[in-house]
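S.K.: My questions will all concern the structure given below.
The values are calculated or read from the model by the stated rules, or taken from the named source; none is laboratory data. Just so it is clear, the model here is predicted, and its values are computed rather than measured. Using ideal geometry, Cβ is built from the backbone for each residue, glycine included, and neighbour counts are taken over all protein chains shown. Side chains are part of the model used for accessible areas, which takes the heavy atoms of the whole protein and leaves out ligands, DNA and RNA. Shrake-Rupley method; radii C 1.70, N 1.55, O 1.52, S 1.80 Å.
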Amino acid sequence: MKLAIPDMISNSYFPAIAAIELGCFKDEGLDVELEMIYPVDKCYAALRDGAVELVGGSAHSALAAFSEFHGVKLIGAQAQGMYWFLILHKDFAAKRGEVAAVKGRSIGAAPWVEMGLRRLLQEAGIDLARDQVKIAPVPGMQGAGVNFGVTAARAMEERKIDGFWANGMGAEVAARRGVGTMVLEVRRGDGPKPCFNYTMASIATTDKLIAEKPDVARAAVRALVKTQRALKQDPTLATAIGQKLFPPSEAELIAELIRRDLPYYDPTISRDFVAGMAQFCRDVGILKGQLPYEQAVATQFANEWAA
């Protein structure tokens, strides 16, 4: 089997990576190989086309390839909440929670990831046109793929952009280099309250796989749960994985980033989350109708979340 993720040198999809590297998939009888596909909409296109069997990406982005969430299911959460950070160059002296600091700035963000920032700013009263906020792909990302946040931090340091909306690794790199200020971290309460449930890092598969191989899908959920439990018990397990897959500087950071993420390591996909995600998706125009919980989530595996 193949599991696609859109970003490698990151904490965002680390449970998916760790499920392979710690042998949790193998313990459940699954032979799973990691595949990096950037950006996230292409991950879901690969899932739709049968090139991969699992996607570990942002939940709302399933709509890039599965209209109205038909044919795809979320089977577990890698972590709760929208997991991106807004970082601005230190020269702007922006304060934590100061959403208005984006006015007149150029912000780098990946395709489909940028939707979360656009809607957040709108809910906070920012008019992107009136307030001259430019949100666009990060320069240099074509073909880079494996390190979006790190590439974004470098682009900001070189003043190609004023800030970026990306993962915790990029935020940490910018902060440690002394070039960036963290303005928003949605999971810890920054920004309008609905933002938390715009999306999450999830694991998704197709209705076809669930129908034809339910034991495989269930085993994947069990592997995710086992991985989260292992990292909670010992976050330093992340270091060896980072040393194998990341450049040395990012490998040194990953265990601390995972430790910070542990409060959000819960595989549950709640009805409140799906309702919040659906409203967000309608607001940004990628979902037209209602999204029943059972249409988005493989509820037959819910008992595994608490196992």
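S.K.: Within the range 187-214, can you find the residues that are within 18 Å of Pro267 (Cβ to Cβ) and not aliphatic (A, V, I, L, M)?
M.R.: Passing the criteria: Arg187, Phe196, Asn197, Thr199, Ser202, Thr205, Pro214.
S.K.: In addition: Go over the candidates Ala46, Ala59 one by one and state the one that is touching a strand residue (DSSP E or B) at 6+ places or on another chain (Cβ under 6 Å) and touching a residue at least 60 places away in the same chain (Cβ under 8 Å).
M.R.: Answer to the check: Ala59.
S.K.: Starting from the range 8-31, take each residue that is more than 18 Å from Leu262 (Cα to Cα) and list its partners that are among the acidic types (Asp, Glu) and open to solvent by 20 Å² or more (accessible area, probe 1.4 Å), counting only C-beta distances under 8 angstrom and pairs at least six apart or across chains.
M.R.: Here the result reads Ile20/Glu33; Phe25/Asp31, each pair linking the range 8-31 to a residue that is among the acidic types (Asp, Glu) and open to solvent by 20 Å² or more (accessible area, probe 1.4 Å).
S.K.: Sticking with this structure for a sec: Evaluate the following for Ala174: is it closer than 22 Å to Met200 by Cα and out of contact with any Asp or Glu (no Cβ under 6 Å at 6 or more places or on another chain)?
M.R.: No, not satisfied.
S.K.: Further question on the same structure: Among the residues of the range 66-80, count how many are touching a residue at least 40 places away in the same chain (Cβ under 8 Å) and in a loop (DSSP other than H, G, I, E, B).
M.R.: Number satisfying all stated conditions: 3.
S.K.: While we're here: Could you check the range 187-225 and list, in sequence order, the residues that are among the charged types (D, E, K, R) and buried (at least 18 other Cβ atoms within 10 Å of the Cβ)?
M.R.: Within the range 187-225, Arg187, Asp190, Arg218, Arg222 qualify.
S.K.: Only one of (1) surrounded by fewer than 19 Cβ atoms within 10 Å (Cβ to Cβ); (2) farther than 14 Å from Lys73 by Cα; (3) not basic (Lys, Arg) fails for Ile241. Which number is that?
M.R.: Only one criterion in (1) surrounded by fewer than 19 Cβ atoms within 10 Å (Cβ to Cβ); (2) farther than 14 Å from Lys73 by Cα; (3) not basic (Lys, Arg) is unmet by Ile241, namely (1).
S.K.: List the strands (runs of 3 or more DSSP E) that sit entirely inside the range 81-151 and contain at least 1 residues that are at positive phi and open to solvent by less than 40 Å² (accessible area, probe 1.4 Å).
M.R.: Counting at least 1 such residues, we get no strands (runs of 3 or more DSSP E) at all.
S.K.: Criterion first (within 18 Å of Pro15 (Cα to Cα), part of a helix (DSSP H, G or I) and among the small types (Gly, Ala, Ser)) does Ala255 satisfy it?
M.R.: yes
S.K.: Still on this structure: Answer yes if at least one residue in the range 27-44 is part of a helix (DSSP H, G or I) and within 22 Å of Leu237 (Cβ to Cβ), and no otherwise.
M.R.: yes
S.K.: Another question, then. Mind checking which pairs have a first residue in the range 126-144 that is under 17 Å from Glu158 (Cβ atoms) and a second that is among the aliphatic types (A, V, I, L, M) and modelled with pLDDT under 95, Cβ under 7 Å, 6 or more apart or different chains?
M.R.: From residues that are under 17 Å from Glu158 (Cβ atoms), the pairs are Pro137/Ala110; Val138/Ala152; Val138/Ala155; Pro139/Ala155; Gly140/Ala155.
S.K.: Pro15 is checked against (1) more than 12 Å from the chain's Cα centre (by Cα); (2) buried (at least 24 other Cβ atoms within 10 Å of the Cβ); (3) not aliphatic (A, V, I, L, M) and fails just one. What number does that condition carry?
M.R.: (1)
S.K.: Right, another one. Check whether at least one residue in the range 55-65 is over 24 Å from Met141 (Cα atoms) and not in a helix (DSSP H, G or I), and report yes or no.
M.R.: There is no residue in the range 55-65 that is over 24 Å from Met141 (Cα atoms) and not in a helix (DSSP H, G or I).
S.K.: Among the residues of the range 152-186 satisfying the criterion of being out of contact with any helix residue (DSSP H, G or I) (no Cβ under 8 Å at 6 or more places or on another chain) and among the small types (Gly, Ala, Ser), which is most open to solvent (accessible area, probe 1.4 Å)?
M.R.: Ala175
S.K.: Which residues, taken from the range 75-88, are within 14 Å of the chain's Cα centre (by Cα) and over 23 Å from Gly191 (Cβ atoms)?
M.R.: Hit for the range 75-88 is Gly76, nothing else.
S.K.: With the structure loaded, tell me whether Ala77 is closer than 30 Å to Glu212 by Cα and open to solvent by less than 10 Å² (accessible area, probe 1.4 Å) or whether it fails that test.
M.R.: yes
S.K.: Shifting gears a bit: If you scan the range 249-307, which residues turn out to be of a type in the set (Asp, Glu) and either open to solvent by less than 20 Å² (accessible area, probe 1.4 Å) or at pLDDT below 95 (or both)?
M.R.: Glu250, Asp261
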